[in-house]
Amino acid sequence: MQPDTDSESAGAEMHRSIMTAFCDVLRASQLPPMTVMKLAASALGAVYKEVADQHGTDGVCPCGWQPNRRTDIAVLQAALAASMEAVPSADLRVMQAVGRA
Ligand SMILES: [Zn+2]
C-alpha cells in the first residue's frame, strides 16, 4: 500500500476505518447509534490525549508538533460540526460499502 500523502484520500481512509468500527460496535453492542457515536468521539479524544502526551516536554516524538489543548479542541469541534452539516454525496457511499448501521 502506497503512503497516503493526499489529505483527501487520507480523509477517505479515516472515514472508512471509523465507519467500519462504528458499524462493528453498533452490531456487537446493540447500543443506540447516538451512544456509539459518543463512544467514537470519546475514543478520538483519548487518541488525541495519547498522541499529545508524546509531544509535551516529556514527549518522545521528534516531529516538532506542539499540542495546545485549548485551541486544538476548538479545531476538532469545528471540524466535527462542519462535517455534520455538509455530507458530500461521495461520503454516503462509505456507509453502503461498509454495511448499513
Ligand atoms: Zn510527533
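The values are calculated or read from the model by the stated rules, or taken from the named source; none is laboratory data. It should be emphasised that the depicted structure is a prediction, and the values quoted were computed from it without experimental measurement. Please note: Cβ atoms are built from the backbone with ideal geometry, for glycine as well, and neighbour counts cover all protein chains shown. Keep in mind that these areas ignore ligands, DNA and RNA; they rest on the heavy atoms of the full protein, side chains included. Shrake-Rupley method; radii C 1.70, N 1.55, O 1.52, S 1.80 Å.
Some observations on this one:
- Listed by first and then second residue, the pairs linking a residue in the range 9-30 that is more than 16 Å from Ser83 (Cβ to Cβ) to a residue that is open to solvent by 70 Å² or more (accessible area, probe 1.4 Å) and assigned to a helix (DSSP H, G or I), with Cβ atoms under 9 Å apart and 6 or more places separating them unless they lie on different chains, are Val25/Leu39; Leu26/Pro33; Ser29/Leu39.
- Among the numbered conditions (1) over 19 Å from Ser83 (Cβ atoms); (2) within 16 Å of the ligand (Cβ to nearest atom), the only one that Tyr48 does not meet is (1).
- The number of residues in the range 2-53 that are outside any helix (DSSP H, G or I) and modelled with pLDDT of 95 or more comes to 3.
- Some residue of the range 86-100 being more than 17 Å from Glu13 (Cα to Cα) and modelled with pLDDT under 95: yes
- Check on Leu76, within 26 Å of Cys23 (Cα to Cα), modelled with pLDDT of 95 or more and open to solvent by 60 Å² or more (accessible area, probe 1.4 Å): yes
- For the range 59-70, the criterion of being outside any loop (DSSP other than H, G, I, E, B), without any contact (Cβ under 8 Å) to a residue 12 or more places away in the chain, open to solvent by less than 60 Å² (accessible area, probe 1.4 Å) and more than 16 Å from the ligand (Cβ to nearest atom) is satisfied by no residue at all.
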